[in-house]
Structure formats: structure tokens, C-alpha cells
1. Considering only segment A:317-341, state which residues are closer than 21 Å to A:I382 by Cβ and in a helix (DSSP H, G or I).
2. Taking into account only those residues within segment B:335-355 that are out of contact with any helix residue (DSSP H, G or I) (no Cβ under 8 Å at 6 or more places or on another chain) and more than 12 Å from chain A (Cβ to nearest Cβ), which is farthest from B:L407 (Cα to Cα)?
3. Quick check on this structure: which one of A:N163, A:N114, A:N180 is under 23 Å from A:R220 (Cβ atoms) and not assigned by the TED database to the domain that holds A:A484?
4. Need at least 2 residues that are within 20 Å of the chain's Cα centre (by Cα) per element, so show me which helices (runs of 4 or more DSSP H) inside segment A:164-274 make the cut, counting only ones lying wholly within it.
5. Looking only at segment B:342-385, which residues are more than 20 Å from B:I326 (Cα to Cα), assigned to a helix (DSSP H, G or I) and of a type outside the set (K, R)?
6. State yes or no: is A:P203 surrounded by fewer than 22 Cβ atoms within 10 Å (Cβ to Cβ), touching a Lys or Arg at 6+ places or on another chain (Cβ under 8 Å) and modelled with pLDDT of 95 or more?
7. For residues that are more than 12 Å from chain B (Cβ to nearest Cβ) and surrounded by fewer than 17 Cβ atoms within 10 Å (Cβ to Cβ), scanning just segment A:118-130, find the one that is nearest to A:G346 (Cα to Cα).
8. Which condition does B:L347 not pass, out of (1) over 27 Å from B:K129 (Cβ atoms); (2) modelled with pLDDT under 95; (3) among the hydrophobic types (A, V, I, L, M, F, W, C); (4) out of contact with any Pro (no Cβ under 6 Å at 6 or more places or on another chain), if it passes all the others?
Protein chains: 2
Amino acid sequence: MMPPVYTIFYGTFIQLPRIPASSGQKHVLDINHGALWVSNESGRVEGFDWGVCTEEKLHDLLQDKGWRVVSGDVEEEEDGEKTAVRVVKASEKRHGFFFPGFIDTHIHASQYPNSGIFGSSTLLDWLEKYTFPLESSYGDGSDVAPQKALTAYEKVIARTLSNGTTCAAYYATIHVPATNLLADLCLKRGQRAFIGRICMDNPDFCPDYYRDASAEESLRATEATIAHIRSIDPAGRVVAPIITPRFAPTCSQISLSGLGKLAASFDPPLRIQTHISENKNEVALVRELFPDSTSYADVYDRHGLLTPRTILAHAVHLTPAERLLIHSREAKISHCPASNSALGSGLCPVRTLLDDGIAVGLGTDVSGGYSPSVLEAVRQAILVSRLVSYSAEQQTGRENLSVEEALYLATRGGAKVVDMADQIGGFEVGMFWDAQLIELSSVEDRSAETINDPQGNVDIFGWESWEEKIQKWVWSGDDRNVKAVWVNGELVYQRSQKETRKSVVHANIPVVPRSWVSFLLRWLGF
Amino acid sequence: MMPPVYTIFYGTFIQLPRIPASSGQKHVLDINHGALWVSNESGRVEGFDWGVCTEEKLHDLLQDKGWRVVSGDVEEEEDGEKTAVRVVKASEKRHGFFFPGFIDTHIHASQYPNSGIFGSSTLLDWLEKYTFPLESSYGDGSDVAPQKALTAYEKVIARTLSNGTTCAAYYATIHVPATNLLADLCLKRGQRAFIGRICMDNPDFCPDYYRDASAEESLRATEATIAHIRSIDPAGRVVAPIITPRFAPTCSQISLSGLGKLAASFDPPLRIQTHISENKNEVALVRELFPDSTSYADVYDRHGLLTPRTILAHAVHLTPAERLLIHSREAKISHCPASNSALGSGLCPVRTLLDDGIAVGLGTDVSGGYSPSVLEAVRQAILVSRLVSYSAEQQTGRENLSVEEALYLATRGGAKVVDMADQIGGFEVGMFWDAQLIELSSVEDRSAETINDPQGNVDIFGWESWEEKIQKWVWSGDDRNVKAVWVNGELVYQRSQKETRKSVVHANIPVVPRSWVSFLLRWLGF
């Protein structure tokens, strides 16, 4: 039998419409019920029909298109003339809906094992005390990545996928074998990822035990990982390299310039990721280390690192001149609110960045951020915006991010930040099907006793509108609500339904006498 | 067979030692491995032995004490002379530990269905738009609480218990039947609770559709709930009434005075709970409504409501004079960081309150707060303290709450706030066994594929100290880590272990031929 040509998704689809960054337009949810089909070959959305509001109409659609369902719960027909398709439905009973996959625009894969461990530190002492010692353990000078790197990288990919992250901009470490391993694992698991070998060669800042030997060595090692990543995924369909100077203080001017040139030597230029203005002490340090530069942003600009494909993480303390420069270079910003609060870095004025027309996405910044969940970043982005609002001279509430706007940043915003605004982040014809299926729990479905529900903590009482369900999901949702995740049209994660075991058993009942089976099940303890 | 006289808890016990509020002493975890025994009759800790560091020593302890294990996995002996005991162990493999139950010092049970729904509102418009309409639906003038109240109250108790809350100071609504129902349900489920019928009779602030008809009616209805609660639990072993003027703007001066006198008419005086200085507009409103009072705190003081048994929720914007007054009256404060950030109320300067010697506990403030989890309140308390620190003129980092200090507030602090500092909040002889059993996940225990783990999101890699495990629990833990909860020595919640179903089946194998059973299991889809 031929593999199915299309996958038809049926049910409720929720996304955030595109809105220009500085338009000031209000973000509203785009909610549709219908069918959407994805080419299994290209992984892209081929079409949708929001008029398909019932199972009957779905059946009609299949008839009209000449599609034959080869799996799923729509009746299978034996007609070789028809095109084989697969059907995936969002459960109405469980308030299921398809949502664009989350895009994590800033995450240190290597730091995942330290999640939640930061004591009372702030950025610079946190690096020294917690981060450099962990990262340095991912290489031992040999050509093989240590087991520790494998364990951490497998885990972080598993955790981010289970939280609905379909695309991540990862920092690895300075080690070539471990960085290559991260790329191999993302490709294997099917998670869209930009993989960055960290460059840090400045002996005045970096510790002796964890540093590139020289600017030349830093560039050579970076080139080696780029070559590897392009060899395992030549078209960059799933994984692609990203140039990653850790941040200005860790890099010599030679390596900064070299990395800028390296990125520009490709067509299209390689993506670049780094940190900027996370913490006031760090900003002061940059001023001291780069006396010739007029600002932190200027340091990157002078070295060819401020490009339309550059992701700047944090940007908490930018000056107006820096924002102007970043905007003029079309560089992007990754807002990492959980991390900024956890490390006490400050309250990033996201509204100001957006008003300036800068593209902003969300980052978990594991492990400065304590959670690999972009939904947690959504929550923290909203909370932080309210505190910015509270701290502001004029309390207009204008700084507040709405739930809808924060979800926009987590999807469309992130897509812009990774320079894929036309490829991912929404449900449009031609876009890759990078999506998640979310389900919520109905209070009415069970007694108050059954609180051990694998459906998670979102309680739907029955009177909620879709907008209110989404608010409840944002504030109380977690990985338990993520039932399935697709990247490039491929199913890359599915949450096992422990509660279906019982029904699986019952599904077998008809083939043997019912009374005998039920005795047996009782005897087995069901 | 006699029911067991004692329950022996064996494993790791972690608690926060008592420290005077303004001592400035550093909070550290008190970590012990050993055995602790609880009288099943009194529900109190009768003794402990931290020298019991192995199963062998546990066996010796049982021998020495003349204890016979009647259930649990220690070998049962048939010796009628011995005292029957039960043994509960914390799994070492799963990093299990006993921890004092969480105390939620401020939670609106009635608002639970609205969790996560607050749009972009702030306190006063939030009340009007979301809260009053929901609360008003819990009574219809009849003597019976509507189904809606039953559903909400069953759910909020189930959710708070599953998150480890052993004690809660609940706000209900103005309705007597529904308030009494909440008390009945807490008693039935065994959750320690203070139950407050809300008093609100000021027609200038309260809506017509949701208001006490008069001050007299407000007092009469309050007395009715007090009588009911004392009738169902005369000793106040599980539930007790708490006088609850909603907050100054909702109450006439007559009702405020009447409530103060009502509380004082009991011996000991009844507990009181209300709100104070949550939001700047609210503070201005109180100034306007009570022109004779010198401050918000003074309003309560003048009406006999500022007592050692008073819980003041929020306290974000207190003046130094108010803090002095509150301290002199020994009133307590419930810090609700998640709510304060969500409604943009501001950053409560907890360090300042603590330095002033005021007792502080944590509150979830559902549904101004979006989560019924005190662990979430712990997280938000830490984040908010870092932002206070960041906003301060002098960035000394002195405002930062450590993980240990925030956990202290959630247990010992809460115990002080509900005036039970000698009864709950720690593991001391004579204290009630109000506790939770926490378990974490080992990364090494399973492949990276098994991410659908009912153990939750805390990943222990194996190198972590207990202090680091606790940090990981605080930052990534949720209800999945709460395996069991006890109040007054009674098991009131146990998380079902879906993953044990398989082992339950295997446990039955020996009684029939192994090959036949394994065929059967395969056929049944196991």
C-alpha cells in the first residue's frame, strides 16, 4: 500500500494572525473549525476549508477530493483510484485544538541539567559558579562527546518537544563533538533547530578551563560544526548551523570580526545568535572592555554581527540609540522574561521594543530560565509586562501584554526572529506544518475525586468561550495538555494516554465471550 | 484486629527550622534521615529518631519499641503483645522526602472556576467584570447551595490537596448555604481550613445584585455560618470559622465594628481575614471613603479588626506608619505574589515587612492569582523579590528571597499567620502531622523517550545535593510530585500511580502458569 499522500487535520484551529510589529493593532485569536491538509512529502500546508464544520462535511470533502482514508477513524474505502490520506482529529469532548508549534528563540541545551539551580546569583557570578563548570564537562579533548552530553541533550530535546517546542535556537558548548551530537539528535527526533557552537576566546573573561585556545581555533571549530551540520542535513530542512559568539565580553575583537565574516560568507548568510544588555553590570563591563564602541549594540555592529538574521537575547537595558541601530539593521530580539526575573536582570520593556518596530520572540533561556516550556515564557512575559506597567511613571497599562499578544510572540514573533516568518508560526498555505495538538480537561467529565488526571491542571467548567479556554490554558497548562507535536508535517511527539489502557483492553472484548473476559479482567485487577 | 496505634514514617525529612521574623538569620534546610512516629488518635507527632538511617535500624527501632507492623512492606509479625503500627516509607530511588504541608493563607475558593481569566484588568475592574458575577451565582435565596457551588468547591479542595496544601484560609461568598457547604466539604475531605463568609454591605461600592442587605443582615448571616461550622466540628479540629469583611470599601462602618465585636466575643477570639493595600487606586478609594482614618490599616484598627489573629492579604503599598501599627497589633500578612503580578498590583516589599518583625505567609489568592499551587506562590515570591531588588535604589540583593526562605514562608510563616505556629508547619513533637510526601524523577531511570512520566518535570541527574534537589523541585515541580498528603495524621490524598498497573498485574502471576498468563497479557495488549 502506498503511504498516504496527505494528512487531513480536522477540528478547531487557533492561531494568531500576522500583524506588523509597530502597527499597534490589537492581537485577537483567529479561531476556525474545519479541515486542513498537509502534504506528507513537502510537510507543508496544501489547503484548508473552514467550512467543514461537521463530520458529515468532512466526509463530503473526502469524497469531493477523491481521498481514501487509510487510517484514522473515518471509514476506510477500498478504491485504488483514490488518493490515500490519513485523518487526524482534535477531540471536541476534550476541547482539543491545533495550535502553531512554539518557537524557542533562545535556549542553552547544555545547561538543561542545571534548570532551577541558580541560588541567589546574578548573571556574571552565575556564569562562573554554575554555568561554566557544567558546560566545560561536555568535552574531554577526544573526538567523541561524553555520555553526559548525550544524556543532557536527549533530555532537553524530549522535554522541549513534550512542551510543544517545534523550533529551537540552541546554544551548545565550545566542544565540536558534543555540538555535532546535539545536531544529530535534533535531526533524529525531528525537532527544527539552529545549532550553535559557542565561541569564547577572551582570556581576560573566560576561565582557563573553559575557553577557545585562540580566535583562530574558535573559528576553525565553528567551521567544523557548520560542515558537520550541513553534511547531515544539506537542505537545512530540520537542522541548520547558527554562528554563536557567547557575548561580547567572552570574545576577542579578532574572533568577533572573524565570525561576522564567516556568517556573511554563506548565501544566504548564516544566522547569528548572541546576548545583549541582559544585566547592568554586564553593560558596564562591555563599556570597559570595548572603549572604542559607542554602545553594546555598536560592538556587534562594528564586527558585522548585527544583521537581519541575528538573534539578540535579553535586550533588557538598551538605550534609545541602540534600539534605533538594531531596528535599522533589522536584527531581532529574543525576550527571556523567566530568566530575567530569576537572575534579577530586570524588566525588559517589550512594548517599547515593539513600538520601535523591532521583531521580538520569546526564549526560555534555560537554565538562566528555570523552565524549558515556552508556555511558561508566555506567562512570565505577561507578568513582567504588568510590572513594567506598574513601575512606569504614567500607569497607562499600555505596556501590558495580553494573552493573545504573548502567544503571538511565542509563534509568529518567534518565526520572525528565526527569519522564517513565511515558513512557520501559523496555518497558512505553503507553510510547514509545525504544530501541536492541545487538549484540556472538562470538570464535568469526572468526579472531584479523579484529580490524578493525565489531562493536567486546566479545568474547563463548560461555560467558557474559546478565548477563555485559551486564557486558562496559558495560565494553568503544562506538558500534559500537549497531546501531539508535528514538525515539517511529521509526527515527532505523542503523549501516551495512560488512561486509554483500559479502553484498549475493552476493544479486544468482542472476539471472546464477554463474561469470560470480564471475569478475567476482574481477576487481573482491572 | 485493632487499628494501628502509630504510623511510622521512614526516610528523608526536610523542613525549615523556626527563625524569629526580624532576626535576619539565614534560612537553611533541616535535612534528616530517620523515623518519625505519629499517634493515629491525636494526629500528632509523638517522637522521632534521626539515627534510624537504615532499614536494619528501622527494624531495631520497631523491636525496641515493641511495635508490630500490621501493613506496609516491613515483615508482619504475629505477636499480640505488641502495639500495632503502620509504616510509610519515602522511596529513596525516587528521591522521596517528607515535607511540611503547605499553608495557603489567602485563597478565594469561590473564584476557582475563574482561574486564569482576568484579561488585562486591575483590581477594581477585575472585581466588577469577573469576580462579583461569578460569586453571586453561588446563592439563589434558597436554603440549598446550587450545584455550581458544589462543583467549584469540590474541585478547589481536590486541586489544593493534590498540590500539597494541608491548610487553607478560604473566602467563600456572601451566601450562608454555600459557605456552610464549603465547610462540610473541607471536613469531609479532611483539609484543615478556615472558612469565611464574605461580608459586604456597602451599597456605594458593592453591586446591587451581590451585597448583604444591611449591616445587621451581614452580621446575622455571619453568625449563622459560625454556628454551622462549630456544630459540625466543635473542637475546630479540621474546620473553623474566620470573620471575613471583604475589604474596607465593601463594608459600612457599622458592619466593620460589628464584625470586630463578633470576633472578640469568642474565647479565644475568632480569626479575621481581609485585604489591605493591594492596589494604588484601592488605597486612594479607602482614603476617600474613610476620611476620618489616618490610613488603610487605621480603618481596620478603629473597628477592632487589627488583632493577633488577623490575616491581611497583599499589603503591597503600606506606609511605614501602617507597618508599625500592624506590628504593634501583631496582625499577620499574607503575601500573594502571583496575584500581585497578574493584576499588576505591584511588587510587595516582603523583606521590609520581615525586617519590621511582621509575620508573613504565602497566599495563592485564587483567582486574582492564577494557580491553586502554593509552590507556584513560592516561585513567584522569589521572582518578585528579585525584581524588588532590581528596582531598588541601592542594588544590594538584600531583598532577594532564597528558595529556603520562600519555603519557610509557605510552611512556618503560614503557620504563624493562621496562629498555629506551635501546631503545624514543621516536624516537632506535639505538632500535628500535616505533611506531604514528595518524589522526584531520576533521568537515569529511563530512556529519553519516556517523557510521559507521571513523576512530573523535575529531572534529577544524579549529582545533585539535597539542597539542589529542593531547588529543582521548587522551580520545576508540580502536583505530579506530590505522592501523598496527610492532615492531622490522616491520609487525605494519594496520587494514583498509573505506572504501577503493570506491576499489579504481574503480582498476580504466581497463581497460574506463567506461560499462559504471559500469552494472555500479550493478547490483551500489554
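1. A:P337, A:A338, A:S339, A:N340, A:S341
2. So the first thing to find is which residues in segment B:335-355 are out of contact with any helix residue (DSSP H, G or I) (no Cβ under 8 Å at 6 or more places or on another chain), and the list is B:339, B:354-355.
Still in the running and more than 12 Å from chain A (Cβ to nearest Cβ): B:354-355.
Working: B:L354: 15, B:D355: 18 Å.
Out of the qualifying residues, it is B:D355.
3. Numbers: A:N163 fails: under 23 Å from A:R220 (Cβ atoms); A:N114 fails: under 23 Å from A:R220 (Cβ atoms).
A:N180 is the lone residue from the list that is under 23 Å from A:R220 (Cβ atoms) and not assigned by the TED database to the domain that holds A:A484.
4. Of the helices (runs of 4 or more DSSP H) lying wholly inside segment A:164-274, those with at least 2 residues that are within 20 Å of the chain's Cα centre (by Cα) span A:176-189.
5. B:A342, B:V374, B:L375, B:E376, B:A377, B:V378, B:Q380, B:A381, B:I382, B:L383, B:V384, B:S385
6. Details: surrounded by fewer than 22 Cβ atoms within 10 Å (Cβ to Cβ): yes; touching a Lys or Arg at 6+ places or on another chain (Cβ under 8 Å): yes; modelled with pLDDT of 95 or more: yes.
Yes: the conditions hold for A:P203.
7. For segment A:118-130, the residue satisfying everything is A:L124.
8. Failing condition for B:L347: (1).
The values are calculated or read from the model by the stated rules, or taken from the named source; none is laboratory data. Values in this document were obtained by computation on a predicted structure and should not be read as measured data. Using ideal geometry, Cβ is built from the backbone for each residue, glycine included, and neighbour counts are taken over all protein chains shown.
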